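S.K.: Let me begin by handing over the structure; questions about it come next.
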Amino acid sequence: MDTYKCNYHMHSYYSDGAYSPEELVRKHCDEEYDVIALTDHDGIEGIREFLESCEAHGIRGVTGIEFSTELELDGKEYELHILGYGFDPENAELKETCSRLRVLRHERNEKLFAALNELGFSLDLEEIEERSKGRYVGKPDIARELVRKGILSEPKEAFTEKVFERPEIKAIRKVKLSSEEAIRLITGAGGTAFLAHPAKIRELGEKRGSEEFFEEIERILTALRKVGLKGLECIYPEHTEEERFRFIQLAGKYHLHISSGTDFHGDDM
């Protein structure tokens, strides 16, 4: 039986990654991947460059996106990431939604940088935007800037109470689609929707790995499947062996496709 080396989860500098789409393709060709998907956050600006580079390098490229979403279920809110694959990047509704999310992201960044500067970090949003080849500024970009300025020693430090976990920063929430809306957009554009990295869902808290944890994951999958979810990202670097096994079991139970992805942002993240 033929086997393929696949990575269905990576980010370019058109979202919060460090590499261009072409650089990602070359990297994965060098590592002998067979199938790859570019899944930038809430946007598809890098898709054309990605697909053209895949064709030039003889690797199969798949259109992809990762939406940040919210699901309200039985009075509780979950922040979920929904991956989409194989859609038409020229779909009008998808393109319009991505454009709207880009405007909302910039408005949120203005608030975020104001709060960071009040805390004494002295960051310039316009300067970082101009330096960003994809004109996207996300938290990994801010983390890299803090390292560049000598405030932090490595980007991962920013994702702690030193920066992004501070109450003043956490309070500035970005506008998200509902999980149902994201799945509908992906499906309407001819694509397939997957739930990303289920073990990283924050609202499941410290129960990770317990029976209660997997029961809650199952409740989420049941709800999403009713609105069109077709897959689950089971193979992921931060999933334990036990989690991978249980997620594959759940995928089988609910007749969901299984995907594997590294969530690659760059060598420093």
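S.K.: Could you please state, rounded to a whole Å, how far the C-alpha centre of segment 210-269 is from the C-alpha centre of segment 85-121?
M.R.: If you average the Cα positions of each part, the centres end up 26 Å apart.
S.K.: Now for a different question. Please report how far the C-alpha centroid of segment 154-182 lies from that of segment 42-78, rounded to the nearest whole angstrom.
M.R.: 20
S.K.: Round to the nearest 0.05 the FRET efficiency obtained for residue 90 and residue 133 when R0 = 22 Å and r is the Cβ-Cβ distance.
M.R.: Numbers: r = 23 Å, r/R0 = 1.05.
Rounded to the nearest 0.05, the efficiency is 0.40.
S.K.: For residue 245 paired with residue 5, estimate the spin-label separation in nm (one decimal), with each label point 7 Å from Cα along the Cα-to-Cβ line.
M.R.: According to this spin-label approximation, the distance is 2.7 nm.
S.K.: Give 149/200; 174/200; 27/174; 5/253; 76/170 a once-over and call out the pairs whose C-alpha atoms are over 22 Å from each other. Kindly include the intermediate steps, with their values, before the conclusion.
M.R.: Numbers: 149/200 30 Å; 174/200 18 Å; 27/174 31 Å; 5/253 25 Å; 76/170 18 Å.
Listed pairs above 22 Å: 149/200; 27/174; 5/253.
S.K.: First check a/c for segment 52-145, with a ≥ b ≥ c the square roots of the eigenvalues of its C-alpha gyration tensor; if it is under 1.5, answer rounded, and if not, answer prolate when a/b is larger than b/c or oblate otherwise. Intermediate results must be reported in sequence, preceding the final value.
M.R.: On the way: a/c = 2.21, a/b = 1.28, b/c = 1.72.
Since a/c reaches 1.5 but b/c is at least a/b, the shape of segment 52-145 is classed as oblate.
S.K.: By its C-alpha gyration tensor, with a ≥ b ≥ c as the square roots of the eigenvalues, how is segment 119-222 shaped: rounded for a/c under 1.5, else prolate for a/b larger than b/c, else oblate? If you can, show how the numbers build up before the last one.
M.R.: Details: a/c = 2.72, a/b = 1.50, b/c = 1.82.
Taking the square roots of the gyration eigenvalues as a ≥ b ≥ c, segment 119-222 is oblate.
S.K.: A further question on this structure: Could you check the spin-label model distance between residue 77 and residue 211? Points 7 Å from the Cα along Cα→Cβ, value in nm.
M.R.: 3.2
S.K.: Per DSSP H run of at least 4 residues, take -39500 (n - 2.57); add these up for the chain, divide by its residues and hand me the 222 nm value, nearest 500 deg cm²/dmol.
M.R.: After summing the helix terms and dividing by the residues of the chain, the value is -12500 deg cm²/dmol.
S.K.: Between residue 57 and residue 222, what is 0.36 nm times their sequence separation minus the Cα-Cα distance? Round to one decimal in nm.
M.R.: My answer for the length gained is 55.4 nm.
S.K.: Quick one: of the DSSP bridges fully inside segment 1-136, what percent are antiparallel, nearest 5? If you can, show how the numbers build up before the last one.
M.R.: Values: 10 of 17 bridges.
Bridges in segment 1-136 that DSSP calls antiparallel: roughly 60 percent.
S.K.: Calculate how many DSSP beta bridges within the chain are antiparallel, expressed in % of all such bridges and rounded to the nearest 5.
M.R.: 45
S.K.: Taking the simple approach of a point 7 Å from Cα along Cα-to-Cβ for both residue 119 and residue 34, what is their distance in nm?
M.R.: The two pseudo-label positions are separated by 4.5 nm.
S.K.: When a footprinting reagent is the concern and you count Cβ atoms within 10 Å, what order do 39, 262 take, fewest first?
M.R.: 262, 39
Each value in this text was obtained by applying a stated rule to the coordinates, not by laboratory testing. Keep in mind that this is a model prediction, so the values were computed, not measured. Neighbour counts run over all protein chains shown; Cβ positions are idealised from the backbone, glycine included.
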